[in-house]
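Here the structure comes first, spelled out in structure tokens, and everything after it is commentary.
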Amino acid sequence: TVYPDKQTASVKVAERIARLIQRKQEAGEQAVLGLATGATPVGVYEELVRLHQEEGLSFQNVVTFNLDEYYPMLPDAPQSYVTFMNENLFDHIDIKRENIHIPDGTLAPEEVAAFCLNYERQIEEVGGLDLQILGIGRTGHVGFNEPGSAPNSGTRLVTLDDLTRRDASRDFGGKENVPTKAITMGIGTIFKAREIVLMAWSGKKAPIIKKAVEGEVSGEVPATYLQLADNVEFVLDADAASEL
Ligand code: GLP
């Protein structure tokens, strides 16, 4: 779906999330959301905060699982995805803290594998992800599933691509300060979500969106795996869609 601009698109995605939350509330159930970081979803979170503050949307029945976190990373570091989520969403809504899940960047190396298995188990225990939102990196990564990721991959420790670290260098004051690793949900984890929405804005994303949507399905561009699922919507602004 192509919208003229990212504001319009972000409001539409936020409304879809709000409808899901309300539908689940009426059924007395929890809504399980897979959340993303980066600049792309900021407008969606802004609109969700507005719906909470001005229109009474409650997040009491919402459980969240974030896609990824740098490794190693302290939760209160300015670049952590914990800080990002608190500042952009969680500090401004009524979500229960115990319902928030973000991969732990403070684990000892020998603890990572068990943590990742448990992350998958926690998602399953609440009935799986109802809706996963995604951005896309210029390498074609979703979450931090870089080129070479397998379609059935689960939550795991990965090595970041050089381009990804370059793109993150502004947040860290230089590429050399960007962690070389991250913990990310896998392509397989994302695929199990009942609905998937991938968002992209601006001409900077146009070449990778063309590859993701029209290119050959391949681990070289992990987002192309999404062509194999029928529960995926790409939500784009006109500039990101300009090469399609
Ligand atoms: C990071 C995140 C991804 C995100 C990507 C794009 O690498 N781990 O989940 O999709 O950046 O970032 P942005 O939305 O800032 O373009």
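Annotation for the range 73-84: at least one member residue is touching a Gly at 6+ places or on another chain (Cβ under 7 Å), among the small types (Gly, Ala, Ser) and surrounded by 19 or more Cβ atoms within 10 Å (Cβ to Cβ). Identify, please: which residue in the range 102-124 is in a loop (DSSP other than H, G, I, E, B) and within 16 Å of the ligand (Cβ to nearest atom) and is, among those, nearest to Glu220 (Cα to Cα)? Once the filter is applied, the top-ranked residue is Pro103. Which count do you get for residues in the range 15-40 that are more than 21 Å from Gly128 (Cα to Cα) and touching a strand residue (DSSP E or B) at 6+ places or on another chain (Cβ under 9 Å)? Of the residues in the range 15-40, 1 are more than 21 Å from Gly128 (Cα to Cα) and touching a strand residue (DSSP E or B) at 6+ places or on another chain (Cβ under 9 Å).
Restricting attention to the range 178-196, the residues that are more than 13 Å from the ligand (Cβ to nearest atom), within 24 Å of Ser80 (Cβ to Cβ), surrounded by fewer than 21 Cβ atoms within 10 Å (Cβ to Cβ) and touching a residue at least 60 places away in the same chain (Cβ under 8 Å) total 0.
If the condition is being open to solvent by less than 10 Å² (accessible area, probe 1.4 Å) and farther than 16 Å from Asp167 by Cβ, then the range 227-244 contributes Val235, Leu236. Cβ separations smaller than 6 Å between residues 6+ apart or across chains give the following pairs from the range 125-149 residues that are within 15 Å of the ligand (Cβ to nearest atom) to residues that are acidic (Asp, Glu): Thr139/Glu146; Thr139/Asp161; Gly143/Asp68; Phe144/Asp68; Glu146/Asp161; Pro147/Glu220. From the list Lys210, Lys204, Lys175, the one residue that fits, being within 11 Å of the ligand (Cβ to nearest atom), farther than 22 Å from Asn66 by Cβ and open to solvent by 60 Å² or more (accessible area, probe 1.4 Å), is Lys204.
Do we find that Thr106 is within 26 Å of Ile136 (Cβ to Cβ) and either surrounded by fewer than 21 Cβ atoms within 10 Å (Cβ to Cβ) or β-branched (Val, Ile, Thr) (or both) in this structure? No; evaluated as a whole, the condition is false for this residue.
Could you list all residues from the range 149-166 that are closer than 15 Å to Ile208 by Cβ and open to solvent by 30 Å² or more (accessible area, probe 1.4 Å)? Scanning the range 149-166 gives Asp161, Leu163, Arg166. Report, by residue number, each residue of the range 89-98 that is assigned to a helix (DSSP H, G or I) and either surrounded by fewer than 18 Cβ atoms within 10 Å (Cβ to Cβ) or among the hydroxyl-bearing types (Ser, Thr, Tyr) (or both). Result: Asp91, His92, Arg97, Glu98.
The values are calculated or read from the model by the stated rules, or taken from the named source; none is laboratory data. Please read these numbers as outputs of a predicted model, since none were measured by experiment. Quick reminder, even Gly has a Cβ in these numbers, built from the backbone with ideal geometry, and neighbours come from all protein chains shown. Ligands, DNA and RNA are stripped out before the accessible areas are found, and what is left, the full protein with its side chains, is counted by its heavy atoms. Shrake-Rupley method; radii C 1.70, N 1.55, O 1.52, S 1.80 Å.
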